[in-house]
1. Which residues, taken from the stretch 326-354, are part of a helix (DSSP H, G or I) and either among the small types (Gly, Ala, Ser) or modelled with pLDDT under 95 (or both)?
2. Please find, among 235, 274, 245, 260, the residue that is open to solvent by 10 Å² or more (accessible area, probe 1.4 Å), outside any strand (DSSP E or B), modelled with pLDDT of 95 or more and touching a strand residue (DSSP E or B) at 6+ places or on another chain (Cβ under 8 Å).
3. Regarding the stretch 406-415, can at least one residue be identified that is more than 15 Å from residue 295 (Cβ to Cβ), open to solvent by less than 40 Å² (accessible area, probe 1.4 Å) and touching a strand residue (DSSP E or B) at 6+ places or on another chain (Cβ under 8 Å)?
4. Checking residue 214 against (1) among the hydrophobic types (A, V, I, L, M, F, W, C); (2) open to solvent by less than 40 Å² (accessible area, probe 1.4 Å); (3) closer than 29 Å to residue 409 by Cβ; (4) within 22 Å of the chain's Cα centre (by Cα), which test does it fail?
5. Could you list, in sequence order, all residues of the stretch 188-215 that are over 28 Å from residue 252 (Cα atoms) and in a loop (DSSP other than H, G, I, E, B)?
6. Looking only at the stretch 345-386, which residues are open to solvent by 60 Å² or more (accessible area, probe 1.4 Å) and among the small types (Gly, Ala, Ser)?
7. Which pairs have Cβ atoms under 7 Å, sit 6 or more apart or on different chains, and link a residue in the stretch 331-345 that is over 19 Å from residue 382 (Cβ atoms) to one that is in a helix (DSSP H, G or I) and of a type in the set (Gly, Ala, Ser)?
8. Just for the stretch 143-187: of the residues that are of a type outside the set (Gly, Ala, Ser), open to solvent by less than 30 Å² (accessible area, probe 1.4 Å) and in a loop (DSSP other than H, G, I, E, B), which one is farthest from residue 223 (Cα to Cα)?
Amino acid sequence: MSYAPEGQQYQPPYRPEGQNPQQPYGDQYGRRQYGQQSNEPHGGQQPYGQPQQPYGQEPYEPQEPYGQEPEYEPRRKSRVRRWVIAGVSVLALAGIAAGVMYHFEIPPFTDKGAAVSFGKPPAGDGKKKDAAPQPASSKMLMPTGPDAKFSNTMTLPDGTHVAVTTLEGKKSGFKGKVWVWAPKEYNDPKFAKSGFPVMIALPGGAGYPSNYWMGTDLGLQSSISKWYAEGKSKPFILAMPVLNPAPDDKGIYWDGSDIPDQPKMGTWLTEDVPDLMKANFRTVKSRDGWAFMGSSTGGFAGLKAVLKHPDKFKAVIASGPDIVPDSSLWKGHDKEKAENNPEILAKQLIDRKGPDVYLAFQVGDSENNKKTLPDVQKFIATFGNKGPVHTDLRVIKGGQHNAKTYVPNMGEGPIQFISKVMEGPVE
């Protein structure tokens with residue numbers, strides 16, 4: 001085939017409409033060349049200079065004149081080839097466009113940012129239904145309102161959503177993000193009149209401006225669904241708030257506490273975040289449906305919250321936690337620091353003889369802070385299983401100080417330990 005520049009279609013030799021192709025120079029249309037005999041298969045003599053066909057084979061087929069190519073077949077192949085290239089190019093561009101739109105969260109290729117109502121009409125749609133009065137004996141607390149505006153951050157394979165809202169804490173005065181997730185059972189008609197237990201999950205490290213439990217790479221949400229299906233866990237609703245009011249630059253953090261002259265992060269975690277969950281979900285009235293979990297600094301904050309507010313929270317899973325407050329922001333505030341010390345709080349709870357709390361610890365034996373395991377063991381030896389303080393410890397062989405170590409091991413003991421004493425779903 002003769003060369004045609006890319007983007008141009010092959011053109012056959014020019015021929016005015018209705019005329020036949022031009023014959024080679026010196027030949028007349030319809031006449032054989034000098035000395036050429038009939039092309040009949042039997043007895044015909046081949047033109048001079050052309051090979052004689054062996055006996056029994058088909059006669060020699062004349063070739064196109066020099067410099068010319070077949071008129072129709074190459075054109076058809078060229079068109080097919082161009083259609084294939086065009087189709088592949090369109091599909092490739094469409095795939096790239098879809099990927100870009102998904103990455104930048106542009107509908108309809110993603111449902112990120114869509115309103116999530118968790119079994120209720122989306123906030124602000126004006127639809128209000130009169131609910132039947134709740135029996136006084138009910139253990140379930142209906143959503144109290146007002147409705148928060150939740151937007152979807154990701155959709156899990158089972159169709160559940162991790163959503164986020166910005167909460168302006170009325171009691172703490174702190175404004176920050178809270179991510180929430182409800183298991184698929186929450187929207188199951190079987191549980192339409194049931195209140196679900198809530199677990200407030202706290203991260204380690206900065207815990208700002210996000211909470212790493214809200215991602216799916218650590219598998220917390222899917223693990224809870226799996227553990228519930230296996231009969232190990234309650235079907236917890238998760239609340240995943242930011243832990244600190246700002247980055248922990250220069251090692252500054254707030255110990256999940258109300259440090260004088262600082263944002264009231266203790267009130268944020270133990271008052272405002274639970275109020276958000278009560279306002280938007282069917283929950284459990286009593287403390288039997290409320291727990292914390294956390295790793296590192298988040299483990300300390302959850303441990304301290306349960307010991308400081310045993311009337312509101314019943315249990316905690318504390319992974320690789322600090323045992324005493326150690327923020328540099330406590331300097332000059334010894335009294336307030338003591339009021340947020342788990343060792344002092346545990347002793348006070350024992351002296352008061354209740355209420356009962358359940359503290360599930362898990363620590364890796366390869367933690368980067370070599371004091372973590374001995375400190376937890378000392379706390380358990382001093383206060384564990386004395387009066388109302390019930391403790392459990394899982395030492396993770398080869399475990400390190402990270403969430404990827406802690407999540408799988410929660411299902412090997414800690415989640416059962418607290419789930420046995422908690423309630424939900426309840427009516």
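1. Those that are part of a helix (DSSP H, G or I) and either among the small types (Gly, Ala, Ser) or modelled with pLDDT under 95 (or both): 328, 338, 346.
2. When all the criteria are applied, what remains is 245.
3. Yes - at least one qualifying residue is present in the stretch 406-415.
4. Every listed condition holds for residue 214 apart from (2).
5. Within the stretch 188-215, 188, 192, 193, 194, 197 qualify.
6. 381
7. If the second residue must be in a helix (DSSP H, G or I) and of a type in the set (Gly, Ala, Ser), no pairs are left.
8. 174
The values are calculated or read from the model by the stated rules, or taken from the named source; none is laboratory data. This structure is a prediction, so every number in the text was calculated from the model and none was measured. Using ideal geometry, Cβ is built from the backbone for each residue, glycine included, and neighbour counts are taken over all protein chains shown. What goes into the accessible areas is simple: the full protein's heavy atoms, side chains included, and nothing from ligands, DNA or RNA. Shrake-Rupley method; radii C 1.70, N 1.55, O 1.52, S 1.80 Å.
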